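Chemist: Handing you a structure now.
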Amino acid sequence: LVFYIVECIILILLASFRSDTMGGDALFYADSFRNLPTLDEITLEELPIGSRFQPLWLIFNALIKTIYNNFLFYKIIHALIVNITIFAFAYKFPKYKFYFVLLFLISKFWYFEFEIQREVLAICAFLISFEYLKNKQYLKYFAIALVAFLFHVSALFLFIIPILLPITQYLSQKSSITFILII
């Protein structure tokens with residue numbers, strides 16, 4: 001547990017104080033943050049599903065800008081949410097916890113926190129919903145999947161996972177892994 005807490009804190013600090021110019025998408029997020037509204041400026045017309053930014057992404061940014069209008073503050077809040085969610089999941093679920101964290105570390109700084117800032121919040125929502133999916137509590141799972149979708153449209157895929165998952169029960173382990181990777 002101590003390893004997870006220390007590692008999580010280190011990664012939060014590294015992600016929070018990274019350069020804003022690491023990667024094209026990261027630069028885009030830094031530039032667009034300045035133009036996004038605060039909570040008192042946001043309008044319903046700015047919240048359509050399918051626009052450049054999804055509604056919860058805009059509200060997330062608006063809330064951060066309302067509290068403290070600084071991109072460093074945004075990076076700290078984003079890093080806290082992402083790292084705490086992923087490390088809580090890593091501590092609770094995977095059988096091979098060390099390899100899960102190692103895989104996360106390898107991919108983390110080049111992708112999760114810098115380049116796919118909207119998508120990673122949807123991924124975090126999925127990680128939170130994983131236990132509900134595992135325990136077949138579909139109403140709770142779909143509610144959190146909706147939250148994920150409202151951060152990024154790619155989370156639409158989460159709505160078909162409960163349909164596809166039973167198919168893997170009838171496949172061998174190797175076929176199940178291949179099926180999941182293809183999907």
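The values are calculated or read from the model by the stated rules, or taken from the named source; none is laboratory data. Just so we're clear, the structure is a prediction, and the values are computed from it rather than from any experiment. Please note: Cβ atoms are built from the backbone with ideal geometry, for glycine as well, and neighbour counts cover all protein chains shown. Areas reflect the complete protein model, heavy atoms only, side chains present, ligands, DNA and RNA absent. Shrake-Rupley method; radii C 1.70, N 1.55, O 1.52, S 1.80 Å.
Chemist: Set the Förster radius R0 to 30 Å, insert the Cβ-Cβ distance between Glu7 and Tyr68 as r into 1/(1 + (r/R0)^6), and round the FRET efficiency to 0.05.
Modeler: Values: r = 27 Å, r/R0 = 0.89.
The pair Glu7/Tyr68 has a calculated efficiency of 0.65.
Chemist: Can I ask one more? Could you give the dipole magnitude of the chain about its Cα centre, charging the beta-carbon of Lys and Arg +1 and that of Asp and Glu -1, in debye to the nearest 20? Numbers along the way, then the final one.
Modeler: Working: 14 positive and 12 negative charges, 162 e Å.
Roughly 780 debye, rounded to the nearest 20.
Chemist: If you line up the Cα atoms of region 54-133 on their principal axes, what length do they span on each, largest first, in Å?
Modeler: Answer, in whole Å and largest first: 41, 28, 18 Å.
Chemist: Using +1 at the Cβ of each Lys and Arg and -1 at the Cβ of each Asp and Glu in region 47-163, identify which of Ile81, Ala143, Leu133 lies farthest towards the dipole's positive end.
Modeler: Final value for the positive-end residue is Leu133.
Chemist: Once fully extended, how much extra length lies between Asn35 and Ile106, figured as 0.36 nm per residue of separation less the alpha-carbon to alpha-carbon distance? Provide the component values of the computation, followed by the final result.
Modeler: Working: separation 71, 0.36 × 71 = 25.56 nm, distance 3.22 nm.
Value of the extension gain: 22.3 nm.
Chemist: For region 1-132, build the convex hull from the C-alpha positions and give me its volume per residue in Å³.
Modeler: On the way: hull volume 15.2 nm³, N = 132.
Per-residue hull volume (Cα only) is 115 Å³.
Chemist: OK, next. Report the extension gain between Glu131 and Met22 in nm, rounded to one decimal, defined as 0.36 nm multiplied by the number of residues separating them, less their alpha carbon distance.
Modeler: Details: separation 109, 0.36 × 109 = 39.24 nm, distance 3.37 nm.
Net length gain for the segment: 35.9 nm.
Chemist: Still on this structure, please answer the following. Which semi-axis lengths, in whole Å and largest first, follow from the square roots of five times the eigenvalues of the Cα gyration tensor of region 1-44? Intermediate results must be reported in sequence, preceding the final value.
Modeler: Values: eigenvalues 177, 54, 10 Å².
Gyration-tensor ellipsoid for region 1-44: 30, 16, 7 Å.
Chemist: If you roll a 1.4 angstrom probe over the protein chains with everything in place, what fraction of the accessible area of the chain belongs to carbon and sulfur, to the nearest %?
Modeler: Values: 7580 of 10670 Å².
Carbon-and-sulfur percentage of accessible area, whole number: 71.
Chemist: Which of Phe60, Asn70, Leu36 sits farthest toward the positive end of the charge dipole of region 26-83, with +1 on the Cβ of Lys and Arg and -1 on the Cβ of Asp and Glu?
Modeler: Going by the Cα projections, it comes out as Asn70.
Chemist: Kindly flag which residue pairs out of Lys65/Lys134; Lys97/Lys136; Lys75/Lys136 have an alpha-carbon separation exceeding 26 Å in this structure. Don't jump to the answer; show the numbers that get you there.
Modeler: Details: Lys65/Lys134 36 Å; Lys97/Lys136 24 Å; Lys75/Lys136 34 Å.
Pairs exceeding the cut-off: Lys65/Lys134; Lys75/Lys136.
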